[in-house]
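Notes follow once the structure below has been shown.
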Amino acid sequence: MSSMAKQTQQRTAVLQGTLDMLILRTLLYGPAHGHQIGKHIQRTTNEFLQMQHGSLYPALHRLERRGWVVSKWETAPDRNREFKYYRLTDKGRKQLIVEESQWKRMAEAVARVMWPTAPEEN
């Protein structure tokens, strides 16, 4: 497997556990269509996470089914074209708090294993 393929596989594994949270967090700033959401995540991770349509749109549909986001077709302000805009719901805001809390606890736990403050005794 090439190093590029390995990086993509590693990024996909990380993303699968965090994609919902990243989308909810992005929508905290306001409504956005799918392409905007993907680009925001890509930009803010310094291109580390590349949003693929095969991951992003199924996640958006899943969040919509759960009631965490709602969508509506609207004409883009700068274009004469309709896009499906997603908005965070109150239920989605509450879920974001849960997701962020879980992520923080998990990141802290991993950090304790990776960079222990004192040597372990055997």
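Laboratory data are not the source of any read-out in this text; all were calculated from the coordinates shown. Treat the numbers as computed from the prediction; the structure is a model and nothing was measured. Note that we place each Cβ from the backbone using ideal geometry, even for glycine, and neighbour counts take in every protein chain shown.
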- prompt: For residues in segment 15-51 being of a type in the set (S, T, N, Q) and under 12 Å from the mean Cα position of the chain (by Cα), which is surrounded by the fewest Cβ atoms within 10 Å (Cβ to Cβ)?
  reply: Gln16
message: Looking at segment 57-68, I want the residues that are under 15 Å from Lys91 (Cβ atoms) and have a partner that is hydroxyl-bearing (Ser, Thr, Tyr) and part of a loop (DSSP other than H, G, I, E, B) with Cβ atoms under 8 Å, at least 6 apart or on another chain. Which pairs are those?
response: Gly67/Thr89; Trp68/Thr89
statement: Taking segment 67-122 and keeping residues in contact with a strand residue (DSSP E or B) (Cβ under 7 Å, 6 or more places away or on another chain) and of a type in the set (Val, Ile, Thr) leaves Val69, Val70, Thr75, Thr89
